Amino acid sequence: MAGSADAEVYAVFLEEAREHLGRMEQGLLAMESQGESLEPETLHRVFRAAHTIKGTAGFFGLVDVTAVAHAMEGVLGALRERRLRATSGVAGALLEGFDALAAMLGEGSGAAADPSPLVETLRGLAGEAPPSAGPSAVRASVAPDEAAQAFAKTAQGIQRTPLGRGIQTFVRSQAGSQAHRLLHRIQRIDLIID
């Protein structure tokens with residue numbers, strides 16, 4: 001990233017991602033111990049954490065983070081819709097996803113490995129068709145438009161947070177119509193919320 005404003009925005013993203021990872025870990029550990037008796041609100045909090053990380057990581061072009069969070073979101077969605085049971089195997093796979101996200105975002109104890117096998121496992125649990133083959137296929141499974149849409153959905157109310165204000169500053173500092181369209185989307189969402 002170029003410039004101190006970019007670095008500041010990214011630092012805010014990492015700080016908020018740590019908070020989301022903390023909520024995610026608590027919920028996943030509860031899922032592991034409680035299984036099917038897990039409260040729907042706990043599952044919803046984990047889903048929202050994965051969704052927010054996915055959308056914001058997409059904004060920063062963190063393709064592997066976006067792919068893992070997207071795959072986790074698919075499993076969590078299947079759990080919420082009761083297409084999948086909260087078994088210890090499902091909780092274990094989601095905890096592996098958490099570990100991968102933590103490593104990729106600098107919070108884990110080890111280096112981030114290629115997420116392709118994990119993404120394929122999670123997609124399989126969610127009942128989604130696996131991508132064709134290889135890491136590039138996994139990365140392609142979250143298209144730039146999809147990441148932008150995810151970010152736009154996540155942006156609901158985001159202008160009221162430090163990250164939202166930082167993103168707005170970042171977008172304003174960028175040249176080109178794409179950045180201006182993103183800012184316009186955020187502003188429209190903010191009007192809808194008010």
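Normalised per residue, the accessible area of the stretch 4-87 is 45 Å², obtained with a 1.4 Å probe and no contribution from ligands, DNA or RNA. Based on the Kirkwood approach, the hydrodynamic radius assigned to the stretch 1-113 is 14.3 Å, with every pair of different Cα atoms included. Of the trypsin sites (Lys or Arg not before Pro) found in the stretch 37-121, those in coil by DSSP whose Cβ has at most 14 other Cβ atoms within 10 Å are 82, 83, 85. Placing dummy labels 7 Å off each Cα toward the beta-carbon, the span from residue 113 to residue 29 is 2.3 nm. Between residue 19 and residue 80, the simple label model (points 7 Å from Cα in the Cβ direction) yields a spacing of 2.0 nm. Work the Kirkwood hydrodynamic radius out for the stretch 26-91: mean of 1/r over every pair of different alpha-carbon atoms, inverted, in Å. When all Cα pairs of the stretch 26-91 are included, the Kirkwood radius is 12.0 Å. Sparsely packed loop sites in the stretch 52-114 (the GluC sites (Glu not before Pro) outside DSSP H, G, I, E and B with at most 13 other Cβ atoms within 10 Å) comprise 81. The length gained by stretching the chain between residue 41 and residue 6 to full extension, at 0.36 nm per residue less their Cα-Cα distance, is 9.2 nm.
The values are calculated or read from the model by the stated rules, or taken from the named source; none is laboratory data. Computed from a predicted model, the values in this text were never measured in an experiment. Here Cβ is always computed from backbone atoms with ideal geometry, including for glycine, and neighbour counts include all displayed protein chains. Surface accessibility is based on the protein's heavy atoms, side chains included, excluding ligands, DNA and RNA. Shrake-Rupley method; radii C 1.70, N 1.55, O 1.52, S 1.80 Å.
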